[in-house]
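All remarks here apply to the structure that follows.
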Amino acid sequence: MKSLGLAAVVMLALCPAGNGSDKKSQYDVPVAQLNFVVVKDYNGKPVRNAGVVMHSVGKHDKQDRGGLELKTDAEGKAGFDGVPYGKLRVQVLAPGFQTFGEDYEINQPTMEITIRMKRPEGQYSIYENPQNDKKDDKKPAAPDPNAKPQP
């Protein structure tokens, strides 16, 4: 008899409440199948073993906690079925490439997203000035008045 009571409690916990409210349950949200293709920007060849990280985005464009990471196969492809409709933040990380990040509006049952990875670019520095790097334009240093005379 105890097992019958326990089974009833488990069934009630798993079933959505039927209290007649108009709120949507988590089971009423439509979901999509996403297919990612990650390629090199400069030649269109696939990027193998890239990390595709997905985070849902909530109010005020704030990234929700948690997330899911996929890895691309030898053809640069990764996919996931069951992504809820709404805003999704996608980040792609691969060694030798700039980190990619963009938000997408998931609003179709099936979506294919192609991501073009770029090579890293040089970093900007306030200490570098290409005009002063020319050796021909440099003036010779003035002699040090405190230097000892050389024999």
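Please list, ordered by first then second residue, the pairs with beta carbon atoms under 9 Å, 6 or more apart or interchain, first in region 50-75 and in contact (Cβ under 8 Å) with a residue 24 or more places away in the chain and more than 14 Å from Val37 (Cβ to Cβ), second small (Gly, Ala, Ser) and in a loop (DSSP other than H, G, I, E, B).
Gly51/Ala94; Val53/Gly67; Met54/Gly67; His55/Gly66; His55/Gly67; Ser56/Gly66; Ser56/Gly67
Tally up the residues in region 60-86 that are at pLDDT below 85 and either loosely packed, with under 12 Cβ neighbours inside 10 Å or of a type in the set (Ser, Thr, Tyr) (or both), please.
Total meeting the criteria: 5.
Please find, within region 49-72, the residue that is farthest from Glu102 (Cα to Cα) out of those that are in a loop (DSSP other than H, G, I, E, B) and touching a strand residue (DSSP E or B) at 6+ places or on another chain (Cβ under 9 Å).
Asn49
Condition first: in contact with a strand residue (DSSP E or B) (Cβ under 6 Å, 6 or more places away or on another chain) and either polar (S, T, N, Q) or at pLDDT below 65 (or both). Can you find one or more residues in region 110-118 that meet it?
Yes, region 110-118 contains at least one residue that is in contact with a strand residue (DSSP E or B) (Cβ under 6 Å, 6 or more places away or on another chain) and either polar (S, T, N, Q) or at pLDDT below 65 (or both).
The values are calculated or read from the model by the stated rules, or taken from the named source; none is laboratory data. Since the model is a prediction, treat every value here as computed from it, not as a measurement. Because the Cβ atoms are built from the backbone with ideal geometry, glycine has one as well, and the counts that use them run over all protein chains shown.
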